[in-house]
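The values are calculated or read from the model by the stated rules, or taken from the named source; none is laboratory data. Quick caveat, the model's predicted, so the values are computed rather than measured. Please note: Cβ atoms are built from the backbone with ideal geometry, for glycine as well, and neighbour counts cover all protein chains shown. These accessible areas exclude ligands, DNA and RNA; they are computed on the full protein's heavy atoms, side chains included. Shrake-Rupley method; radii C 1.70, N 1.55, O 1.52, S 1.80 Å.
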Amino acid sequence: MAGLALRKFLLLIPVVFIVSVATFLLLNLLPGNPVYLILGPGATPKGVAQLTAQLHLNRPIYDRYADWLWAALHGNFGESYLNHVASSSLIKQALPVTLELLIYSQVIALAVSVPLGVYAARRPGGWVDQGSSSVAFGLLAAPAFLVGVLLVGLFAVHWHLFPATGYRHLSSDPGGNLRSLFLPSVTLAVGLLAVYLRLLRSDMIATLQQDYITVARAKGLRPRYILWRHAFRPSMFSLVTVIGLNVGALIGGAFLVEVIFGIPGIGSLTLHSIYQRDYLVVQACVLIIAVGYVLVNFTVDLIYPLLDPRVRRVRS
Amino acid sequence: MNAAATNTVPEATTRSRPPAGRDVPLLDVVDLHTNFRTEHAVVRAVDGVSLTLEQGRTLGVVGESGSGKTVLSRSIMGLLPRRNVIRRGQVLFEGDDIAQLDEERLSRIWGARMAMVFQDPMTSLNPVVRIGRQLTEHVRLHNKVSKAHATERAVELLDSVGIPEPKRRLDEYPHQLSGGMRQRVMIAIALACSPKLLLADEPTTALDVTVQSQILDLLSAQQRERDMAMVLVTHDLGVVAGRTDDIAVMYAGKIVEKAPTRTLFANMRMPYTEALIQSIPRLANPSHSRLNVIPGRPPDMGNPPAGCRFAPRCAYAQDRCREEQPPLVAADQPGHAYACWYPVGTPEGRDALARNQREGRVQAATAPAAGAGAGGTR
Amino acid sequence: MSAPELDVVQFGGPAVVIAQPDDPGAEVVAAKKRLGWVFWLSSGWVGLVVLAAILSPVLPLQDPDLPQTMPGLAPSGAHWFGTDDLGRDLFSRVVHGAPVSLIVGFASIGLGLAVGGTLGLLAGYFRGFLDQVVTGFSNILLAFPALVLGLAIVTFWGPSLLHVTIAIAVLSIAPLALVVRGSTVIYSEREFVAAARMLGTSNRRIIVRELLPNVVPSAVSLGLISVAVAIVAEGGLSFLGLSVRPPTPTWGNMIAEGQAVIGQHPLIALWPGLAMFVTVLALNFAGDRLRQYFDVKEGGL
């Protein structure tokens, strides 16, 4: 088991490396000179030359990458040219907020989809099942930003139940923190819910047809016990995989949600840097997000053997 | 006390509960019907089966695939799907009609007083739950004992079914055990609460031949030790030959012959039984002997033929067989009943067979039971 | 929506299958060969939107960019959807917003399928080194969170219809390639391909004559569902102001405008949102139905 984890971790390093190279190349090889983007129409030849030198844009690409990698490994991601704050500290502030948002939305999504999915599978074709399946299918079509805007309109502006924008820190105001993140998390959870519900339901239905479930019945075990302690566990695997796979889409959704609700997470940071042409910060953010995504997938991969004992041995 | 002989097929009679103190059979199935509703038709998988079983005795139920024997065992237990299944008749277990009970109440009997051993050990155990829990969860539920106590019992059980290093096994998962071992675990699970009745549904079909007889011996030994009644369902007459007190032969949802084991083998009456016995390959036969097979297939139970259901494949069949279904009637020896118009070993039967052979409806002579007969019919 | 649910009872005897309906428009019997009213309704809607988009310059609609009257009016005879916060006719704006979404949606996926689909087809048929390269690259590309990459591309390249389309197209190549490859692999291993090979048919002929007709139907249904995703992606980008520039209306930037006044005039965000939602839903239904239709035919083989 430890051996498996180690092997996967070693595989991780080249992937992260490739991701960093690819990100860097992508952002730096795009047509369009960032200098002009930053300076705008009032660019003077002198200003251009100065900024070009400052951003090292006159050096060959591999040199720039090497410099950048070296600095990155020392925790230096450059600084915002606007306010001269180090990118790394900006990211350090913003990242936990986004993480909390992502976790919160997963919790909400699972808290709703798991019971619904399990009970829908128990009576396929019953009203819980049909109702939830139809709603899920519809929710899949609803874009996150639309849902977010509607939720703001309904729960924040119209009914004043939750704040429309703004964020409270967890340490200073836990209640306010959870309230301020509630609507954004629900927005994200809606899309996740739909996917999880359909998946769990169909997996549970398949599991409930297995022989060992009949055997469990024949032992006199009660239906609820069988449902949760025999059928749920084997049905979780696809769900866990999908949770991992969906993180990418989730990050995109987080961007939109942070903008709509004014949450100072890494999505907001990236976007505002984009609007303000704060090029180095954008680069740092994109890299962190890409690497984080790879790490999450890696973690999900590791969880698998914990859940499914059949996968634990590499060779038996 | 044998499997009860009946003089006629009981129509939808119901047995009332006998007064306390009388000797009551452990299991008394009265005219059980189990029908499945499908798109095209209603499939009559169990079509009027009656049998009884006394405490401590073994009944073998023998039939081909499609005869309804598995559905029968599940019907007796009540372990059927909730939808599109219609069940009629009585199943009197220890005097109570369990066919009337809902699943809530049935679940108190399942595992505790009546247990089942399933066919395929590879799929009958939950792959993500440890063996220990699969052995103890129902014991703790039915007997309300502590985890420690149940675990001790589990170790004893595993030992008694012949599993080495039983303590270690408790923490293992099913995929770490071989097929034979898994089936032993299944048996241990079934025996855990010391049930009065064990239904073994093809317990050895999915196993290697070498392991088969070990498992069957194990079942017989446990049964003797616990004075438990057992219903052994199988398609293989060889399995029941030495191990059962009585045998019921099933074909197309009905019982076509039942008798104490020795009587059945010595004096079978139903041509289907004869054909089954003849199809058992014998070690004494010369190599490359042709295997006797019964040609044809069981009928479509959504649309069964009128008359005797075996008639299309029967060497003795006459016109009456195709028109009228023969009822179960008693034979000379006690406990023996059969359903045939032209039974084996009777003058009518011999004539019928000879007639068919003359008219070329039989390809080669079908020798009577003991020998290695050749060929099949039609 | 999955295929109609099957309740299988199997007891060592005949397997008895009882089909349950779970899906609007699907028939009770499992192997049904009709596309169903849901499919036609959905395709009809999509067709209508496409038509409206194409005809939008010549339709007798009010000018979407000029304020016509008071802002924030409720729907009326003169203005079917009411007016937005600058007094512009909402109905006209929604109709004029359609072309951007549709063009980006269909063009990007068309491009993505052309490139990714071809790569997937070749990788799945020839296997070997080509397959490893394509699969490897695709997996690496999939290691990036899509929106972030799309965002970055569009920002640094400059927002425009073309750039957004290409960005989404590039992002779609990897998943489309992998799916088409998977499908191709399955078909390549079937007997009719082996038979064609044995007859000495050239690879090109096999691909065009044998594989393509089998892979295309599932690619089309995949494509429809992907177009839905692309429309949402473009919507997200234009919501953030990173797609086509205002004053050109797009459903995304209209929703963004509507957000500011969601309390007082919810319809401003609601109309374009509804248009997008229904279109995406229709594409999902149509693609899903198509997939079931072709899957069932598969089962018949």
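Tabulated data for the structure shown
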read-out: Signed unit charges on C-beta, dipole axis of the protein assembly as shown, positive-most listed residue C:Phe81, C:Leu55, B:Ala112; value: B:Ala112
read-out: Pairwise FRET efficiency - B:Ala306 versus B:Arg82, Cβ, R0 = 41 Å, nearest 0.05; value: 0.80
read-out: Shielded residues, the stretch A:140-174 - accessible-area loss of 50 Å² or more between chain alone and all protein chains, probe 1.4 Å; value: A:Ala141, A:Phe145, A:Leu146, A:Val149
read-out: Inter-centroid distance (Cα atoms) of the stretch A:97-140 relative to the stretch B:138-153, Å; value: 36 Å
read-out: Probe 1.4 Å - accessible area at C:Ile153, Å² to nearest ten; value: 20 Å²
read-out: Gain upon complete extension [A:Tyr225, A:Gln276; 0.36 nm per residue less C-alpha separation]; value: 12.7 nm
read-out: Pairwise centroid distance, computed over Cα atoms, of the stretch B:272-328 with the stretch B:39-104, Å; value: 24 Å
read-out: Residue of B:Ile255, B:Ile280, B:Ile131 that the Gaussian network model of chain B assigns the largest fluctuation, springs spanning Cα pairs under 10 Å; value: B:Ile280
read-out: Solvent-accessible ranking of A:Trp68, C:Trp80, largest area first, probe 1.4 Å; value: C:Trp80, A:Trp68
read-out: Dmax and Rg, reported as Rg then Dmax, of the stretch A:106-160 (C-alpha, Å); value: 13.9, 39
read-out: Cα-only radius of gyration and Dmax that characterise chain A, units Å; value: 23.8, 85
read-out: Mean Cα-pair separation over length for the stretch B:123-207, i.e. relative contact order, pairs under 8 Å, 6 or more apart, %; value: 37 percent
read-out: For chain C: span of alpha carbons on each principal axis (Å, largest first); value: 73, 48, 34
read-out: For A:Ser88, solvent-accessible area (1.4 Å; no DNA, RNA or ligand), Å²; value: 30 Å²
read-out: A:Arg229 accessible area, 1.4 Å probe, all protein chains in place, Å² to nearest 10; value: 110 Å²
read-out: Area buried, chain A against chain B - accessible surface, total, 1.4 angstrom probe, square angstrom; value: 2500 Å²
read-out: Sum of side-chain charges, C:Ala260 neighbourhood, beta-carbon under 12 Å (Lys, Arg +1; Asp, Glu -1); value: -3
read-out: Reachable aspartates and glutamates from A:Lys219, criterion Cα separation under 14 angstrom, eight or more residues apart if same chain; value: A:Asp211, B:Glu103, B:Glu104, B:Glu137
read-out: Radius of gyration and maximum dimension Dmax of chain B, Cα, Å; value: 21.8, 72
read-out: Share of Cα-Cα pairs in the stretch A:189-298 lying beyond 23 Å, as whole percent; value: 50 percent
read-out: Translational diffusion of the stretch C:46-162, µm² s⁻¹ [Kirkwood Rh, Cα pairs; Stokes-Einstein; 37 °C; 0.692 mPa s]; value: 185 µm²/s
read-out: Accessible surface of chain C [probe 1.4 Å, protein heavy atoms]: carbon and sulfur percent; value: 70 percent
read-out: Average accessible area per residue (Å²) across the stretch A:89-243 - probe 1.4 Å, nucleic acids and ligands excluded; value: 42 Å²
read-out: Inter-centroid distance (Cα atoms) of the stretch C:226-284 relative to the stretch A:146-194, Å; value: 20 Å
read-out: Average other protein chain Cβ within 10 Å of Cβ, residues A:243-255; value: 3
read-out: Heavy-atom accessible surface of the stretch B:216-292: percent carbon and sulfur, 1.4 Å; value: 50 percent
read-out: 20 Å binning of all Cα-Cα separations within the protein assembly as shown, expressed as whole percents from 0 upward; value: 11, 33, 29, 18, 8, 1, 0
read-out: Linear extension gain, C:Val133 paired with C:Ala194, 0.36 nm per residue minus alpha-carbon span; value: 19.5 nm
read-out: In the C-A interface, the accessible area buried, summed over both sides, Å² (probe 1.4 Å); value: 3900 Å²
read-out: Nitroxide proxy distance, nm - points 7 Å out along Cα→Cβ at A:Asp173 and B:Arg168; value: 6.1 nm
read-out: Modelled FRET efficiency - R0 22 Å, C:Ser160 with C:Ser56, Cβ distances, 0.05 increments; value: 0.70
read-out: Candidate residues C:Val58, B:Val24: accessible-area rank, largest first, probe 1.4 Å; value: C:Val58, B:Val24
